[in-house]
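Below is one structure, written out as structure tokens, with a few remarks after it.
The values are calculated or read from the model by the stated rules, or taken from the named source; none is laboratory data. All figures in this text were calculated on a predicted structure; none of them were measured in a lab. In this analysis, Cβ positions are derived from the backbone assuming ideal geometry, glycine residues included, and neighbour counts consider all displayed protein chains. Side chains are part of the model used for accessible areas, which takes the heavy atoms of the whole protein and leaves out ligands, DNA and RNA. Shrake-Rupley method; radii C 1.70, N 1.55, O 1.52, S 1.80 Å.
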Amino acid sequence: MTLPDLFFYLYAGVCIASAVMVIVARNPVHAVLFLILVFVNSAGLFMLMGAEFLALILVIVYVGAVAVLFLFVIMMLDIDFKQLRQGFLRYLPFGLTVGVVFLAELLLLAGGWVVRPSVAKNVTAPIPTDVGNTEALGLVLYTTYIHYFQIAGVVLLVSMIGAIVLTMRHRSSVKRQNIAAQNARSPETAIAVRKVTSGQGLREQDSAEWVQ
Amino acid sequence: MTFEIAGYQLLPVLPELLLLTGGMVLLMIGAYGGQRTTGLVTVLAVLLLGATGAAVLMLPAGRLETFGGSFVLDDFARFMKVLALGGSAITLILSREFLSEPSRRIFEFAVLVVLSSAGMMVLISAGDLIMVYLGLELMSLALYVVAASNREDPKSNEAGMKYFVLGALSSGMLLYGASLVYGFTGTVSFTGIAAAAKDGSVGLVFGLVFLLAGLCFKVSAVPFHMWTPDVYEGAPTPVTAFFASAPKVAGVAVFVRVVLTAFPDVLQQWQQIVVFVAIASMALGSFAAIGQKNIKRLMAYSAIAHIGFALVGLSAGTAEGAQGVLVYIAIYVVMTLGAFSVILAMRRNGQAIEQISDFAGLSRTNPQLAFFFGMLMFSLAGIPPLAGFFAKFYVFVAAVKAGLIALAVIGVITSVVGAYYYLAIVKVMYFDPPKTAVDPVRFEVGGVVAAAGLLNLLFFVYPAPLISAAGVAAKSLF
């Protein structure tokens, strides 16, 4: 067993174990932390396969953004997970039956299933050896796959519009900054010079006028 | 003139480019003009959709391909694109009243409908699985937002949320299927899959099943229909009309194209699935609609049943069957837009009314509306000589010719069951004691009602253009 094999089993083992923990962890925050562990170990697996770009993107996007977002949502929503779990024991027999049936079907399928040798040759885009991962992706992303890239951009635009439509509300009571009005202020409109009589101070209407 | 990018011809995607650029211009008009421009943006969006439809028809005839075969513009795509664009444009016309209320002046509505239509066009022209997925997401993402666009109504929010969560689930299934298909054939392009699928394999069929499950969700076919009644009821009525028309066209188009062009040689396998889905949809749609009290829920079950009928044509797997599907979906879009514009027109004291009992005595309070709605109901039930009869006729004939006699018989039986609830509505309108009068119908809504009603009524006089166009479109797939 070579060193890469060893690392494969290490990453794969931790990956599966923490995937199980995501489901069984009692505390939802722990579940998300285990999810992060799954992502990091999958990144390690990608790295072993020579897909370093995917590995790093997985860490940056999934661990850095998605999982942290999950964590925030879970902390803010205050979901009563105990209540969610209440039906667990009651539905266990039913769930087990369905699970066993599925497992049996999968085993039957796997047993009578011969993978054609030609399938192995199906890799149509072999990993290039002369250029790095990132460079190889960059070479095709904006040329061969320009149409996919553009449509994905439009999908992102739609999600942006959607987020704004669904969350932005125009409230009349909220004061907004009006830069043009701010810049248009001159000393004449902004400053009022008052003679303050000693011992009396400013009358209220004077100060009110001034605030305007 | 060379009109290309990265070595790809751009001529076939000209309508899509026009629609996307126009959509972004509309977005800018709205963003700088604010809510005041909602009406203007909506009108411009309708014109833009019309111009795009014209551009689709003006491109050179025949099969055009670009982007290495992942975008196909053939007669099938032309037929479906014009239909989908028409559906979107009519929806925008119907939504003018919905958008005119001060709290709902969202110009983004029209922009989202335009971008969703762009997704439909990509979907209809997709020549590989990645394009299918991207088109589907572009279309659906905008749909989720417009479903929840009435923010003050909790039901609308619920509809958007439900649609989003279940839609994400179905996208996941579709992607899983696509990755299995890619794994077993080594390609994502439909022609490549068709070549690799000649000798078939278990894994490929596995992928096909998941792929079809994802697509069934989008066209709301049983057993992936459960979102339909809730979303149809909760979403604002113009949005429901939209859901029932244009996205259905795109969904059926991609369904037909995937099974007929990517899996022509594993007909045996997908035929079983499509036959099952068709029977289950027809049966559930017809029986579950009987107990409905809300007209929008009823239309949702009716939509499920009609998708079942359309799939009867597809299960034949022949050019004639595909022609039947195209005729069916074209007529269905007209019928459903007409029916929803009647529902939209039903307002009493400024309040929308949605219960079937509210239609009581409509024949006396607003005879024109009652007449057209009655005709649309007869047409949906498939009673000759209305358009709905011809739609069913073509799919059943195709099924019988392909040897699927049992399927056709079940189809006829369920359509008789379905006729019960359509006729029940006519009975409520014509024989029940009238309630107080409904509000006068807005001009544009009344226009759509009359146009859809007359098209249904007079289709039998001159059916040739639609039938022959559908025939040409279906042939381009084989």
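The value of relative contact order for segment B:280-419, using C-alpha pairs under 8 Å at least six residues apart, is 32 percent. Take each residue of peptide B:149-155, count the partner chain Cβ atoms within 10 Å of its Cβ, and average: the result is 1. What residue among B:31, B:5, B:223 has its Cα farthest toward the positive end of the dipole of chain B, where the charges are +1 on Lys, Arg and -1 on Asp, Glu, each on the Cβ? Result: B:223, furthest along the dipole toward the positive end. Partners of residue B:475 within straight-line reach, counting aspartates and glutamates whose Cα lies under 20 Å from its Cα and excluding those fewer than 8 residues away in the same chain: B:65, B:74, B:75, B:128, B:265, B:320. Pairwise Cα distances in the protein assembly as shown exceed 38 Å for 43 percent of all pairs. With all protein chains present, how much of the accessible area of the protein assembly as shown (probe radius 1.4 Å) comes from carbon and sulfur, to the nearest whole percent? About 70 percent, which is the carbon plus sulfur part of the accessible surface.
In whole angstrom, segment B:327-459 maps to an equivalent ellipsoid with semi-axes of 31, 16, 10, each derived as √(5λ) from the alpha carbon gyration tensor and ordered largest first. Taken about its Cα centre, segment B:282-421 carries a charge dipole of roughly 280 debye when the Cβ of each Lys and Arg holds +1 and the Cβ of each Asp and Glu holds -1.
Spin-label model, residue B:424/residue A:69: points 7 Å from Cα along the beta carbon direction are separated by 4.4 nm.
Loop-located trypsin sites (Lys or Arg not before Pro) in segment B:307-380 (DSSP state other than H, G, I, E, B) with a sparse environment of at most 10 neighbouring Cβ atoms within 10 Å are absent.
For chain B, the mean residue ellipticity at 222 nm estimated from helices alone is -24000 deg cm²/dmol, where every DSSP H run of n ≥ 4 contributes -39500 (n - 2.57) and the total is divided by all residues, rounded to the nearest 500.
Here residue B:427 is the anchor, and the lysines within straight C-alpha reach of less than 16 Å, apart from those fewer than 8 places off in the same chain, are B:293, B:435. Per residue of B:19-29, other chain Cβ atoms within 10 Å of the residue Cβ number 1 on average. Under 19 Å from a label point set 7 Å out along the Cα-to-Cβ vector of residue A:173, the amide N atoms of segment B:103-124 belong to B:103. A Cβ-based charge dipole, computed about the Cα centre of chain B with Lys and Arg at +1 and Asp and Glu at -1, lands at about 780 debye. Only Cα pairs under 8 Å and 6+ residues apart enter the sum, and on that basis the relative contact order of chain B stands at 15 percent. Rg and Dmax over the alpha-carbon atoms of segment A:15-105 stand at 16.5, 46 Å. The B and A chains share an interface that buries close to 2800 Å² of accessible area, total over both sides, probe 1.4 Å. Rg and Dmax over the alpha-carbon atoms of segment B:133-180 stand at 12.3, 43 Å.
With the whole protein complex present, residue B:155 retains an accessible surface near 100 Å², based on a 1.4 Å probe.
For chain B, the alpha carbon positions stretch 65, 58, 42 Å along the principal axes, listed from largest to smallest.
Take every pair of alpha-carbon atoms less than 8 Å apart whose residues are at least six positions apart; their mean separation over the length of segment B:345-478 yields a relative contact order of 41 percent.
Could you estimate the translational diffusion coefficient of segment B:28-103 from the Stokes-Einstein equation, with Rh from the Kirkwood formula over C-alpha pairs, at 10 °C and 1.306 mPa s, in whole µm²/s?
Roughly 111 µm²/s, to the nearest whole number.
Checking the Cα-Cα distances for B:162/B:296; B:198/B:248; B:162/B:392; B:81/B:401 against a 21 Å cut-off, the pairs over it are B:198/B:248; B:162/B:392; B:81/B:401.
Using a 1.4 Å probe, what is the accessible area per residue for the protein assembly as shown, in Å²? Provide the component values of the computation, followed by the final result.
On the way: 33080 Å² over 690 residues.
Per-residue value: 48 Å².
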